[in-house]
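Report on one structure; see the data block that follows.
The values are calculated or read from the model by the stated rules, or taken from the named source; none is laboratory data. All figures in this text were calculated on a predicted structure; none of them were measured in a lab. Here the Cβ is made from the backbone with ideal geometry for all residues, glycine too, and neighbour counts use every protein chain on show.
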Amino acid sequence: MQSTISSVNSAAELLNSLFLNPEYSNLTITCGAEVLPVHRNVVYPKSAYFAHACAGNFKEASRNIKLKDRKPILVKKVLQFLYIDDYTLEIETAGRYHKDGEKQINSEKSQEIHQGNFEVTTACHFHILIYIQADYLQIDSLKVASKKKFHASFHNMSNRRSFKATIKEIYRSTPKSDNQIRNALVASTKDHLATLQRRTNNILLDELLKRFPDFTTDLCITLLNTDGGHQKQVNQKASLFSPIK
């Protein structure tokens, strides 16, 4: 048993050491001005996109894959996940660099996250962006992981601007056919309604609901189904104590 654990740890350490390491690299990914070294045997199995690209169906398949219109920092995080089954969130706020976005945004003073020349409003928003990359690169396991991180960080949503940016990103960048992250947003909103509608910091305003009708529709349907299911249970329990006619 001990030897098995040691073997697993050794394999994990090896993969971690190969991340963005040009040694033994047999494939590069060009993203913006950056060229990232990768290893085919690592990225193929988890990404249908990379496997398809390297099978000869793309012109540059043999040695280099070009990812146009993709942010290098996001691609690096995707690659990190392919190597170690997780990704870290390094955010720069107020001149300091932090490695845990969820903890960082506990402070209401730190609302802006800057990642590689583009603005991210919260850690929650960053996980959405990772989900979008995972969908594009066809990495189902990363979609699951980023959705979980998104849900875990949602309770730190502390201002209207961040919430608006989150809704906008999800409903603008994800297709209706893939509603996993949309469902996660709606479920998280439902679970935190009391916080989002707090009088001292009312985030869920009528104006916001009118601006994003698709989100509002999904939220209303979820709330109706939840309330309807609850009422059905109440009625069933009440019937047990009804007098027999």
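Values as computed for the structure displayed
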item	result
Pairs, first under 12 Å from residue 147 (Cα atoms) and small (Gly, Ala, Ser) in the stretch 166-190, second modelled with pLDDT under 90 and surrounded by fewer than 18 Cβ atoms within 10 Å (Cβ to Cβ), C-beta under 9 Å, six or more apart	188/155
Pick from the stretch 8-26, criterion touching a His at 6+ places or on another chain (Cβ under 7 Å) and surrounded by 13 or more Cβ atoms within 10 Å (Cβ to Cβ), ranking: nearest to residue 63 (Cα to Cα)	25
Pair list, Cβ under 7 Å, 6 or more apart: the stretch 202-218 residue assigned by TED's automatic domain parsing to the domain that holds residue 183, other residue aromatic (Phe, Trp, Tyr) and part of a helix (DSSP H, G or I)	203/163; 212/171; 214/171; 215/171
